[in-house]
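A short worksheet on the structure shown next.
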Amino acid sequence: MQTLAKLIYPAQCLTCDEMIEVARGLCPKCWSQTPFIVDPPCDACGRPLIGEAQEGDLCDDCRANPRLWDRGRAAMLYAGNGRAMVLRFKHGDRTDLARSAGAWLARAAEPLICEDTLVAPVPLHWLRIVQRRYNQSALLAAQVAKLHGLDYCPDLLRRPVATRKLDGMTADQRHETVSGVIKVTPKRAKVIAGRHVLLIDDVMTTGATLAQCTRACLEAGASHVSIAVLARVAREG
Ligand SMILES: [Zn+2]
Ligand SMILES: [Zn+2]
């Protein structure tokens, strides 16, 4: 049966389209070129730490400017094949990436998860969803929730106002642009009270959007918030 499925739907590498034997998503070459984050990373923003690191350590940025959320993880760096993959996922209609990418993200997010964790994606404005046809963060979040058997709330947060694209903006500009634009969906207020929320996004640059989402969750009564992203931009600005 599996052989038949393979014949009908041969597995393709998610980034170079090379045919692959095992359906783990990437050909060996692309796998080796994907910057997965493995060592204990910064416990708040998920970026790799320099030198000998221990579970729970923070990077200099997170120590100087504590994050609003408690803990964070990223599956890979937004560089090389990690960047190529995110761009394909975002603009290339490759929703099949969500399965593999969601599994990598679920593994990276494992230390953050507790029994009452509620998984929610960073919201897109509806206009963006129309343009892209899907919210890539929601696809990832659904996969993370499924693999860990957690509650999933796709419309926990909403973005009633469309904001400009943040690409190329400084940290301050990003913060200002997204400030106050993300809200908890009123009918979800009951779901969030007293819960640990795990926010999922595809990429984290400065964390401005995730900070706004965290603020909205805490104001709505979440007990604490963690974040997990597919790819972390190593250096900001
Ligand atoms: Zn490949
Ligand atoms: Zn950090």
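Quick notes on this one:
- Residue match in the stretch 155-177 (condition: touching an Asp or Glu at 6+ places or on another chain (Cβ under 9 Å) and closer than 22 Å to residue 194 by Cβ): no
- Test: residue in the stretch 148-157 that is of a type in the set (D, E, K, R) and in contact with a Phe, Trp or Tyr (Cβ under 8 Å, 6 or more places away or on another chain): no
- Residue that is most open to solvent (accessible area, probe 1.4 Å) [pool: residues in the stretch 29-46 that are within 16 Å of ligand 2 (Cβ to nearest atom) and either touching a Phe, Trp or Tyr at 6+ places or on another chain (Cβ under 8 Å) or not aliphatic (A, V, I, L, M) (or both)]: 39
- Test for residue 189: is it in the same structural domain as residue 68 (by TED's automatic domain parsing), in a loop (DSSP other than H, G, I, E, B) and either of a type in the set (A, V, I, L, M, F, W, C) or open to solvent by less than 20 Å² (accessible area, probe 1.4 Å) (or both): no
- Looking only at the stretch 1-28, and only at residues there that are modelled with pLDDT of 55 or more and small (Gly, Ala, Ser), the one that is farthest from ligand 2 (Cβ to nearest atom): 11
- Any hit, the stretch 61-70, residues being within 16 Å of ligand 2 (Cβ to nearest atom), of a type in the set (Asp, Glu) and either surrounded by 15 or more Cβ atoms within 10 Å (Cβ to Cβ) or over 15 Å from the mean Cα position of the chain (by Cα) (or both): yes
- No other residue among 84, 75, 64 is modelled with pLDDT of 85 or more, within 14 Å of ligand 1 (Cβ to nearest atom), within 24 Å of residue 208 (Cα to Cα) and not polar (S, T, N, Q) apart from 84.
Condition check ((1) surrounded by 13 or more Cβ atoms within 10 Å (Cβ to Cβ); (2) in the same structural domain as residue 200 (by TED's automatic domain parsing); (3) not in a loop (DSSP other than H, G, I, E, B)) across all residues:
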| position | (1), (2), (3) |
| --- | --- |
| 104 | yes, yes, yes |
| 120 | yes, yes, yes |
| 130 | no, yes, yes |
| 141 | yes, yes, yes |
| 160 | no, yes, no |
| 172 | no, yes, yes |
| 177 | yes, yes, yes |
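The values are calculated or read from the model by the stated rules, or taken from the named source; none is laboratory data. Values in this document were obtained by computation on a predicted structure and should not be read as measured data. Cβ sites come from the backbone with ideal geometry, for glycine too, and all protein chains shown count toward neighbours. Accessible surface is based on the protein model in full, side chains and every heavy atom, while ligands, DNA and RNA are left aside. Shrake-Rupley method; radii C 1.70, N 1.55, O 1.52, S 1.80 Å.
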